[in-house]
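Step one of this worksheet: look at the structure below.
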Amino acid sequence: MIAADSSSPQEPQLASQAPQVSDTNKNHNQEKLRIAAANKQASIEMGEFTGSGEYVTIGEFPSSRTNHSRKVSVLPLVFLIFYEVSGGPFGVEDTVHAAGPFLALLGFLLFPLIWSVPEALITAEMGTMFPENSGYVVWVSSALGPFWGFQQGWMKWLSGVIDNALYPILFLDYLKSGIPALGGGFPRVVATWGLTIVLTYLNYRGMTIVGWVAVCLGVFSLLPFVVMGFLAIPDLKPSRWTVTNPNDINWNLYLNTLFWNLNYWDSISTLAGEVENPKKTLPKALFYAVILVVLGYFFPLLIGTGAVPVNRELWTDGYFSDIALIIGGAWLRWWLQAAAAMSNMGMFVAEMSSDAFQLLGMAERGMLPEFFSKRSRYGTPLIGILFSASGVILLSWLSFQEIVAAENFLYCFGMILEFIAFILLRIKHPNASRPYKIPGGTAGAIIMCIPPTILIGVVLFFSTLKVMVVSLIAMAIGLLMQPCLKFVEKKRWMKFSHSSELPDFGNQEDTRTLVH
């Protein structure tokens, strides 16, 4: 509901009060009044506040960046989310290795309901409430203050960089069966660095290119599983889907692999400033992406476990390529290996975009030095991209399981802050504009957050001591880094600034601080 423009009826009245004015001056005055009325109406369409601070109108939310690059539309956004979260079934093999076919299939049906759907819904509400590149950082800052917003940014950026270090590893794991030299040593190091540099350059060239590259890679990555599904129909034995051994389950590996494959729905919020009409585009893209991700996991697992005799020891990274060889022959195996390689490329560019734009958004909020907010001629955050790429190279020596566990530990704490911020903003600012709002009121929001919070506790409980110590040290660095940056800002050793295009959330009592 848009408030009426009370200034419009005044135009003829003011004109009639000046009968001596020449026709030229009269037309000039009327033109100025028309411009003023149009400007007034434009401000109303973006949202107006009453004197008491209550938000009373809802209009289109323009993204905070309007001049740097073309905006991302629905289809590229769906595949960017797909690659932020999934990228296909490459990497799910460890669920079968850890718990058998039955629990693997059950996990990819139930886990999305417990975790993915609530996280996607929260991202849709909060992302349209704050359509800017700082994403979940501004959610937490608005609810808990800038200190905790910075901690959220640090943990999420670090977990994102750790996550991105996985994709060169997975890329080479799928190729090493065809090119054994990539299995280790100097050739693997060179391949890892070379892949990182090439994909970093794609991010540098702009979000439009990244978005459509994600679409093409997504279609190419999923097609071989569709073909494999048709070829496997004569060999399917449903009895294999129920195989399980309750006494032989690696819960740590099982839960960490499920969690890793079905989280990061909130990462797309750090690209909200680059999205075309985020109020409508973001919720729609999240809805389609949830369906695509779940089917992209469940269907290949159904085919792989049903068409081939179950040997849990063989279900490790890259095993889908062996299944393709059994079902379709060498040509299908090569196709699937190429698809796996392309999928990991897509996940890399999507994750790096999210991480880099998050640093840009934090700089625009004055949380990081101003140079992080500088953009390249393609509209991309050059410094953020370089920092994220450097982190990937430094972490690429870790093993797959160590990376997944460390990333999940940091991500869990970040999600706890998000759930708290989501509920607090519902309680403290019920009248703030929410272009997309999860039904059920505040009570429903609290109930929705309970199952994923319990799941976070379970994942943390099964973490190893080594992962816990490393992750807590990383979190401690963030606790020290924020006051150090404030000291640097106070001494003016580096320049910090707050973008004039973004609202100020410093006054927690005013809902104007929560929206554009």
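For the stretch 239-267, enumerate the residues that are in a helix (DSSP H, G or I), at pLDDT below 90 and closer than 20 Å to residue 128 by Cβ.
267
On the basis of being among the small types (Gly, Ala, Ser) and touching a residue at least 24 places away in the same chain (Cβ under 8 Å), does residue 191 make the cut?
Details: among the small types (Gly, Ala, Ser): yes; touching a residue at least 24 places away in the same chain (Cβ under 8 Å): no.
No.
In the stretch 489-516, which residue that is part of a helix (DSSP H, G or I), more than 15 Å from residue 372 (Cα to Cα) and at pLDDT 70 or above is farthest from the chain's Cα centre (by Cα)?
As a first pass, look at the stretch 489-516 and keep what is part of a helix (DSSP H, G or I): 489-491, 511-514.
Filter once more, so that each one left must be more than 15 Å from residue 372 (Cα to Cα): 490-491, 511-514.
Restricting the remaining residues to those that are at pLDDT 70 or above gives 490-491.
Numbers: 490: 32, 491: 35 Å.
The qualifying residue farthest from the chain's Cα centre (by Cα) is 491.
Does at least one position in the stretch 285-302 carry a residue that is open to solvent by 10 Å² or more (accessible area, probe 1.4 Å), more than 25 Å from the chain's Cα centre (by Cα) and modelled with pLDDT of 90 or more?
Initially, the stretch 285-302 is screened for residues open to solvent by 10 Å² or more (accessible area, probe 1.4 Å), giving 287-288, 290-292, 294-295, 298-299, 302.
The next check asks that each one be more than 25 Å from the chain's Cα centre (by Cα); those that pass are 302.
From what's left, modelled with pLDDT of 90 or more: 302.
Yes, there is a match, as at least one residue in the stretch 285-302 is open to solvent by 10 Å² or more (accessible area, probe 1.4 Å), more than 25 Å from the chain's Cα centre (by Cα) and modelled with pLDDT of 90 or more.
Look through 433, 471 and report the one residue that is part of a loop (DSSP other than H, G, I, E, B), open to solvent by less than 50 Å² (accessible area, probe 1.4 Å) and touching a residue at least 12 places away in the same chain (Cβ under 8 Å).
Working: 471 fails: part of a loop (DSSP other than H, G, I, E, B).
Only one candidate qualifies: 433.
Looking only at the stretch 212-238, count every residue that is assigned to a helix (DSSP H, G or I) and either of a type in the set (Gly, Ala, Ser) or open to solvent by 70 Å² or more (accessible area, probe 1.4 Å) (or both) and tell me the total. Spell out how you get there, then give the answer.
So in the stretch 212-238, the residues assigned to a helix (DSSP H, G or I) come out as 212-235, 238.
With either of a type in the set (Gly, Ala, Ser) or open to solvent by 70 Å² or more (accessible area, probe 1.4 Å) (or both) added as a condition, the list becomes 212, 214, 216, 218-221, 223, 229-235, 238.
The number of residues fulfilling the criteria is 16.
Can you name the condition, by its number, that residue 387 falls short on among (1) of a type in the set (A, V, I, L, M, F, W, C); (2) crowded, with 20+ Cβ neighbours inside 10 Å; (3) under 19 Å from the mean Cα position of the chain (by Cα); (4) over 18 Å from residue 211 (Cβ atoms)?
Residue 387 satisfies all of (1) of a type in the set (A, V, I, L, M, F, W, C); (2) crowded, with 20+ Cβ neighbours inside 10 Å; (3) under 19 Å from the mean Cα position of the chain (by Cα); (4) over 18 Å from residue 211 (Cβ atoms) except (2).
Scan the stretch 395-412 and tell me whether some residue there is open to solvent by 60 Å² or more (accessible area, probe 1.4 Å) and either within 18 Å of residue 356 (Cβ to Cβ) or modelled with pLDDT of 75 or more (or both). Working first, answer last.
First, the residues of the stretch 395-412 that are open to solvent by 60 Å² or more (accessible area, probe 1.4 Å): 397, 401-402.
With either within 18 Å of residue 356 (Cβ to Cβ) or modelled with pLDDT of 75 or more (or both) added as a condition, the list becomes none.
Taking every residue of the stretch 395-412 in turn, none turns out to be open to solvent by 60 Å² or more (accessible area, probe 1.4 Å) and either within 18 Å of residue 356 (Cβ to Cβ) or modelled with pLDDT of 75 or more (or both).
Just checking, does the stretch 266-280 include any residue being surrounded by fewer than 22 Cβ atoms within 10 Å (Cβ to Cβ), of a type in the set (Asp, Glu) and out of contact with any Pro (no Cβ under 6 Å at 6 or more places or on another chain)?
Within the stretch 266-280, one or more residues are surrounded by fewer than 22 Cβ atoms within 10 Å (Cβ to Cβ), of a type in the set (Asp, Glu) and out of contact with any Pro (no Cβ under 6 Å at 6 or more places or on another chain).
Tell me which of these residue 234 doesn't satisfy, since it passes every other one: (1) modelled with pLDDT under 90; (2) over 32 Å from the mean Cα position of the chain (by Cα).
Here residue 234 meets the rest and fails (1).
So which residues in the stretch 94-119 are open to solvent by 10 Å² or more (accessible area, probe 1.4 Å) and either among the aliphatic types (A, V, I, L, M) or not in a helix (DSSP H, G or I) (or both), if there are any at all?
Within the stretch 94-119, 103, 105, 106, 109, 110, 113, 114, 117 qualify.
So which residues in the stretch 337-382 are open to solvent by 10 Å² or more (accessible area, probe 1.4 Å), within 21 Å of residue 209 (Cβ to Cβ), touching a residue at least 24 places away in the same chain (Cβ under 8 Å) and in a loop (DSSP other than H, G, I, E, B), if there are any at all?
Hits for the stretch 337-382 are 376, 378.
The values are calculated or read from the model by the stated rules, or taken from the named source; none is laboratory data. Quick caveat: nothing in here was measured; it's all calculated off a predicted structure. Here the Cβ is made from the backbone with ideal geometry for all residues, glycine too, and neighbour counts use every protein chain on show. Side chains are part of the model used for accessible areas, which takes the heavy atoms of the whole protein and leaves out ligands, DNA and RNA. Shrake-Rupley method; radii C 1.70, N 1.55, O 1.52, S 1.80 Å.
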